[in-house]
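Report on one structure; see the data block that follows.
Every number in this text was worked out from the coordinates using simple rules, so none of it is lab data. Bear in mind the structure is a predicted one, so any value in this text is a computation, not a measurement.
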Ligand code: C5P
């Protein structure tokens, strides 16, 4: 991993069992040459001792705003940091951040900061799924806070589900890449004034009056991306194939059925759009001449002639002045190899890869982003969390190309 000798972070530890992973995280960050100043809440000290963290970082741990020997610790500590990372971030601390509370040293440091804030949520799956937590996370996302995880897996309580803190190695990698990113940071209305066109869902290609060819795409990822884009202030147009999902509020949604209908709708908007995200699982082939009436069986084999559908994303990416184009690749094997080849052949600045078997129709997913800088894994999480992380990445890339 690249050395970051001039970087300083505050590592905030809050009171959850995943606090034990913060020791390994601190060790990995220090190993990269990052100066780590640990700040712990009182609850965190029940899970891991300040002495452990001091030994790993070589600095006394910040614990209490009332024992402030230098005065104004919350101001000068946060001013000298390149980022504040909260790992683990409990549901309670997330709620505090979302409401701007500052009743202990760590929350005060966060409120007084003028640097990026990254949080690694860690909690029981029910606490993560609770609508209050989800509201708070949405608020933090709008406030430009970067979410690292959570992941899905076995939890300390013995249950299995979403809410597990990312592993220390993954967090260290993500923190390093955030520190070496441009000085650009995500802000609440970062995509204000940006027009984003999104395709979502499957397409349905008729065979006859009652039958057709389609796929198992639910549209959830595309709809989540539309919501995440709208949360960052973008003006979103969603072109959706047939799904069972409710139309997202505040987003212009155009319903289509076939790939050709989706293509026509995209053509109408593509030239006025700044960013195009092709999430739809567009059928590659359609039946050459669908029957108007239901085909009757007659004992013989039936042959359907299929013709290829237009590649909507390739069309948009090859416009004379194309929008910033983002493609998706669902592969069943050799994800990195096929995804990078697809990115190059379709001339895309950014391609989102996922394993088809773990993505289609499910509630959560795991993504790898491929761009000119390399690969960026987004560990397993629910689709809205991933969509928000993806939109933050798109916003930074898009800002980069428009500087
Ligand atoms: O080539 P492949 O179908 O794997 O590429 C997937 C990407 O291309 C997705 O972003 C999908 O939305 C887009 N696509 C498209 N039109 C097609 C086929 C795929 O826009 N006919």
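One table, with the values for the structure above:
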{"read-out": "The stretch 8-181, relative contact order [Cα under 8 Å, separation at least 6], %", "value": "23"}
{"read-out": "Principal-axis tilt of helix 383-401 within the chain, Cα atoms, nearest 10 degrees", "value": "90"}
{"read-out": "Three-way shape call for the stretch 165-245 based on the alpha-carbon gyration tensor, with the a/c threshold at 1.5", "value": "oblate"}
{"read-out": "Solution diffusion estimate, µm²/s, Stokes-Einstein, the stretch 18-64, Kirkwood Rh from C-alpha pairs, 37 °C, viscosity 0.692 mPa s", "value": "311"}
{"read-out": "The stretch 8-181 - convex hull of alpha carbons, volume per residue in Å³", "value": "102"}
{"read-out": "Acute angle (nearest 10 degrees) that the helix 168-180 long axis makes with the longest principal axis of the chain, alpha-carbon atoms", "value": "90"}
{"read-out": "MRE, 222 nm, helices only [DSSP H, n ≥ 4, -39500 (n - 2.57), over the chain, to nearest 500]", "value": "-10000 deg cm²/dmol"}
{"read-out": "Value of relative contact order over the chain, rounded to a whole percent, pairs C-alpha under 8 Å and six or more apart", "value": "12"}
{"read-out": "Cα convex hull of the chain - mean projected area over all directions, nm²", "value": "22.2"}
{"read-out": "Degrees separating the helix 335-345 axis from the principal Cα axis of the chain, which is the longest one", "value": "60"}
